[in-house]
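Peer 1: Dropping the structure in here first, questions after.
The values are calculated or read from the model by the stated rules, or taken from the named source; none is laboratory data. As the structure is a prediction and not an experimental result, all values here were calculated from the model. For neighbour counting, all protein chains shown are included, and Cβ atoms are generated from backbone atoms with ideal geometry for every residue, glycine included.
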Amino acid sequence: MAEKQVDARGLSCPEPVLLSKRAIGAIEAGSVEVLVDTVTAKENVTRMARSQGCSVRAEQQGEDFLLTLVKGAGGQPVAEPNATN
Amino acid sequence: MRSETVTLWDRLRCLFSSRAGIVIVGLLIGGGAVLLQKLGNPPNMGICVACFERDTAGALGLHRAAAVQYIRPELIGFVLGALAAALLFREFRPRCGSAPIARFFLGIFAMIGALVFLGCPWRALLRLAGGDGNAVVGLVGLAAGVSVGAWFLRSGYTLGRSRAMPVLGGSLLPLFMLLLLVLLVARVSFKEGHAIFFSAKGPGAMHAPLAVSLGVGLLIGFLAQRSRFCTMGAIRDAVLIRDFHLLSGIGALVLAALAGNLLVRGFRAGFAGMPIAHSAQLWNFSGMVLAGLCFALAGGCPGRQLFLAGEGDGDAAVFVCGMLVGAGFAHNFFLAAVPDKFVEGVLRVGGPGPYGKIAVGLGLAFCLALGWTAREKGGVEI
C-alpha cells in the first residue's frame, strides 16, 4: 500500500505535477501512487519524479495510467523497477 | 516483425517526449516561420497564432477591419496535424467540462492582450529574432503575467476536472477547421460584399501559397502534439518547478529564426517603426502581462490550445473560440493597438487607444478575481 495516493484525472497541466510533487515532499521515504488520464500528464509527472530522485513505474489501467513513484530514504535515488509502459 | 515495429514506434514516442524532440520542434517552428515569411506571410509574422486567429475571425465577418481578413491555413494545419498525431499514437481523448465559460473569457482577454502588444508569444519570439527590440518588453510582460499565474497555481488555483465526452464533442474544432479549409479552397462568398472576406491589401493580403502554409501547419501540428510544445508552459515550469525542458524549445525557435533571418537578410535591429509593431512600451508590457496571465490560468499558450483541441480537449477548443470572439471585439471596439508609422519622415508612435487601455485593465481585474477565487484551500508547497 502506498503512503500517499493522488487522483489527478481530468486536471489540467501542471496540476498533476504539482499535486504529485507535494505528495512526494510530504513523505520521508516510500511510495506515492498517482492516477492520471492523459499521456501528457503521465510524461510530465514521470519527468518531475525522476528529477526528484524517485523511481517510476507506469501501469495502464483501462483509459488511465497508475504511476508508482518510489522515494528512497534521505532523498537517495532509487533504482528504476521494470516499467510496464 | 511485430516486435521490431513496436520498438521503432516506442523510439519515436521517446524521441519527441525527450529534450531532443522539443528542440527539433522549436527549430522547425522558427525555420518554418522564416520560410513562410519569405514566401509571402507578413514581416516578422511568419507564424502568429493570435494574428492568424484575428485574420480568420475577420474572414468570417466577426470584425470588419479590411486589412486583416484571411482564413489562415496554418491554423487549420495545427489542429488537423495534432489530430492526426493523436489518432496515430492513440492519444485522442474527447473531454470537456472544466469551467468552459471561464476559459471562454480567458480566451477573449488573451486575444485583447495579444492585440494590444501585436502578437502572440510565438510572434514575440519571432519579432525578437527579427531584431525588434519592443519584443523584449513584451516578453518581459509575458514572463510577469505567467509568473502571477504560477503564483495562483501554487496557491491552489484550479478550474476543476474535465471529464470524458462523446467523440463528436471532441471532434468539433477539427471539423470546424475542415469546414474552414473548404471555404478557403473554394473561396466561398455567400453574397457579393459579404463574408467570407479576403483582404485586398494589408497584412491579411500577405500570405504564402496555400499548400505550403497548410503543409508547414500540418507538420508543426503533428510534431508539437507529440512534444507538448508550449511557450507559456516553458516559462511557467521554469518559474514553478525549475523544469527547463520546454524552455529549450523556445531557445531553439529563436535561434532557428535568427539564423534564417540572417540568411535571408530579414534581420533589422531597432525599436521605432518596426514591422507591424509599436513602441508604446507600457502597453507592450501590459498587453503581454494580460495575455500571459490568461494563458497561465487556461493552461496553455494559443498554439498549445490548438494542439490540445486537435487531440479532443473541448476546454481548449472553448478557449480558441474565445480568442476568435476576442479578435472580433478587439477590432469592432477599437481595442487593438495600431503600429508605429512614419508620417512625412516623423515617427508617429502607435499603441492602443483609450478603449484598448480600459480593456486591458478590465482583463487584468477579471484574471486576478478568477485566480483569487478559483483556489482550493491549502495550496501546493513547492
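Peer 1: Collect the residues in the range B:57-69 that are surrounded by fewer than 24 Cβ atoms within 10 Å (Cβ to Cβ) and more than 16 Å from B:GLY193 (Cβ to Cβ), keeping them in residue-number order.
Peer 2: B:LEU62, B:ALA67, listed by residue number.
Peer 1: When the residues of the range B:339-379 are narrowed to those that are in contact with a Lys or Arg (Cβ under 9 Å, 6 or more places away or on another chain) and surrounded by 16 or more Cβ atoms within 10 Å (Cβ to Cβ), which ends up modelled with the lowest pLDDT?
Peer 2: B:GLY379
Peer 1: So, one more: Against the conditions (1) surrounded by fewer than 17 Cβ atoms within 10 Å (Cβ to Cβ); (2) of a type outside the set (A, V, I, L, M, F, W, C); (3) away from every other protein chain (no Cβ under 11 Å); (4) within 21 Å of B:PHE16 (Cα to Cα), where does A:GLN61 fall short? Just the number, please.
Peer 2: Single failed check for A:GLN61: (4).
Peer 1: Given B:PHE244, B:PHE271, B:PHE222, which one is within 17 Å of B:PHE117 (Cβ to Cβ) and among the aromatic types (Phe, Trp, Tyr)?
Peer 2: Details: B:PHE244 fails: within 17 Å of B:PHE117 (Cβ to Cβ); B:PHE222 fails: within 17 Å of B:PHE117 (Cβ to Cβ).
B:PHE271 is the lone residue from the list that is within 17 Å of B:PHE117 (Cβ to Cβ) and among the aromatic types (Phe, Trp, Tyr).
Peer 1: Among all residue pairs at least 6 apart or on different chains, which show Cβ distances below 7 Å where the first residue, located in the range B:224-243, is over 22 Å from B:GLU74 (Cα atoms) and free of Cβ contacts under 8 Å to residues at least 60 places away in the same chain and the second is aromatic (Phe, Trp, Tyr) and in a helix (DSSP H, G or I)?
Peer 2: If the second residue must be aromatic (Phe, Trp, Tyr) and in a helix (DSSP H, G or I), no pairs are left.
Peer 1: Answer yes or no as to whether B:GLY156 is within 30 Å of A:GLU63 (Cβ to Cβ), within 14 Å of chain A (Cβ to nearest Cβ) and crowded, with 21+ Cβ neighbours inside 10 Å. Talk me through it step by step, then tell me what you get.
Peer 2: Numbers: within 30 Å of A:GLU63 (Cβ to Cβ): yes; within 14 Å of chain A (Cβ to nearest Cβ): yes; crowded, with 21+ Cβ neighbours inside 10 Å: no.
So B:GLY156 fails the test.
Peer 1: A further question on this structure: Which numbered condition in (1) over 24 Å from B:GLY149 (Cβ atoms); (2) in contact (Cβ under 8 Å) with a residue 24 or more places away in the chain is the only one that A:ALA49 fails?
Peer 2: Condition (1) is where A:ALA49 drops out.
Peer 1: Could you tell me whether the range B:73-85 includes any residue that is assigned to a helix (DSSP H, G or I), within 14 Å of another protein chain (Cβ to nearest Cβ) and over 13 Å from the mean Cα position of the chain (by Cα)? Show your work before the answer.
Peer 2: In the first step, residues of the range B:73-85 are kept if they are assigned to a helix (DSSP H, G or I); the result is B:73-85.
Add one more test, that the residue is within 14 Å of another protein chain (Cβ to nearest Cβ), and what stays is B:82, B:85.
Of the ones still in play, those that are also over 13 Å from the mean Cα position of the chain (by Cα) are B:82, B:85.
Yes, the range B:73-85 contains a residue that is assigned to a helix (DSSP H, G or I), within 14 Å of another protein chain (Cβ to nearest Cβ) and over 13 Å from the mean Cα position of the chain (by Cα).
Peer 1: Of all residues in the range A:4-42, which are at positive phi and either at pLDDT 95 or above or facing chain B (nearest Cβ under 7 Å) (or both)? Explain how you work it out, then say what you get.
Peer 2: Going residue by residue through the range A:4-42, those that are at positive phi are A:10, A:30.
Passing the criteria: only A:GLY10.
Peer 1: Have a look at B:VAL140, B:VAL146 and point out the one that is within 25 Å of B:ALA50 (Cβ to Cβ), within 20 Å of the chain's Cα centre (by Cα) and within 14 Å of chain A (Cβ to nearest Cβ).
Peer 2: Numbers: B:VAL140 fails: within 14 Å of chain A (Cβ to nearest Cβ).
Matching residue, one of B:VAL140, B:VAL146: B:VAL146.
Peer 1: On the given criteria, is B:LEU219 without any contact (Cβ under 8 Å) to a residue 24 or more places away in the chain and more than 20 Å from B:ALA124 (Cβ to Cβ)? So that I can check it myself, show each step before the final result.
Peer 2: On the way: without any contact (Cβ under 8 Å) to a residue 24 or more places away in the chain: no; more than 20 Å from B:ALA124 (Cβ to Cβ): yes.
Considered against the rule, which asks whether it is without any contact (Cβ under 8 Å) to a residue 24 or more places away in the chain and more than 20 Å from B:ALA124 (Cβ to Cβ), B:LEU219 comes out as no.
Peer 1: Exactly one condition in (1) in contact with a Phe, Trp or Tyr (Cβ under 7 Å, 6 or more places away or on another chain); (2) not in a helix (DSSP H, G or I) is not met by B:GLY221; state its number.
Peer 2: Failing condition for B:GLY221: (2).
Peer 1: Turning to a different aspect of this structure: Within the range B:236-251, track down each residue that is surrounded by fewer than 22 Cβ atoms within 10 Å (Cβ to Cβ) and away from every other protein chain (no Cβ under 14 Å).
Peer 2: Answer for the range B:236-251, where residues must be surrounded by fewer than 22 Cβ atoms within 10 Å (Cβ to Cβ) and away from every other protein chain (no Cβ under 14 Å): just B:GLY251.
Peer 1: Hey, does the range B:260-281 have a residue that's of a type in the set (Phe, Trp, Tyr) and farther than 27 Å from B:LEU27 by Cβ?
Peer 2: Scanning the range B:260-281, I find at least one residue that is of a type in the set (Phe, Trp, Tyr) and farther than 27 Å from B:LEU27 by Cβ, so the answer is yes.
Peer 1: Still on this model: Can you confirm whether the range B:168-180 contains a residue that is within 14 Å of chain A (Cβ to nearest Cβ), surrounded by 23 or more Cβ atoms within 10 Å (Cβ to Cβ) and either among the polar types (S, T, N, Q) or more than 17 Å from B:PHE52 (Cβ to Cβ) (or both)?
Peer 2: Yes, because at least one residue in the range B:168-180 is within 14 Å of chain A (Cβ to nearest Cβ), surrounded by 23 or more Cβ atoms within 10 Å (Cβ to Cβ) and either among the polar types (S, T, N, Q) or more than 17 Å from B:PHE52 (Cβ to Cβ) (or both).
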